[in-house]
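Following: one structure in structure tokens, then a few remarks.
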Amino acid sequence: MAIVRYTLDPNNLQGFTPEERARLDALTDEEITAAALSDPDNPPLTEDELQIFDDVNFLRGVREATGLSQAKFADAYRINLARLRDLEQGRTRPDSALRAYYTVISQRPDVVTACLAS
């Protein structure tokens, strides 16, 4: 079997035909849910898996709001860089203390910086 490489042209993305779009638009929420549940290759996410997305968005959002790179944020707030990367990629979950620390950083980064400097 030969590998075939295909590169998408972002200026010429293939969309749905009008017939396909009409068929999809005609589906009810129940039909969409039933189709999703019946797909063995793409099972719905569990509540725990959905929580990982919330954690990642929160943690990454706090860091991005500071304008710091991962390395500079880790250094500034004394967080292990490998741990920070694992958290932001959803490989590990924050415990309650780390989540609270991020909350304080998000609310008062100047106070945290001053505390760590002393």
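Where does the longest stretch of the chain lie that holds no chymotrypsin sites (Phe, Trp or Tyr not before Pro) found in a DSSP loop with 12 or fewer other Cβ atoms within 10 Å? Could you put the intermediate results ahead of the total?
Working: sites that count: 6, 16.
The longest such stretch corresponds to 17-118.
Of the candidates 60, 85, 23, which one comes out as most mobile in a Gaussian network treatment of the chain with C-alpha springs shorter than 10 Å?
Looking only at 60, 85, 23, the biggest GNM fluctuation is shown by 23.
Name the long-range amide H neighbours of residue 92: under 5 Å, sequence gap of 5 or more, or other chain; modelled H, no Pro or chain starts.
Counting only residues 5 or more places away or on other chains, the set is 87.
How big is the Rg/Rh ratio for the chain, C-alpha atoms only, Rh by Kirkwood, two decimals? Walk me through the numbers before you get to the answer.
Values: Rg = 21.6 Å, Rh = 18.4 Å.
Rg divided by Rh gives 1.17.
Where a number appears in this text, it was derived from the coordinates with a stated rule and is not lab data. What you see is a predicted model; the values in this text were computed from it and never measured. As a convention, Cβ positions derive from the backbone with ideal geometry for all residues, glycine included, and neighbour counts pool all protein chains shown.
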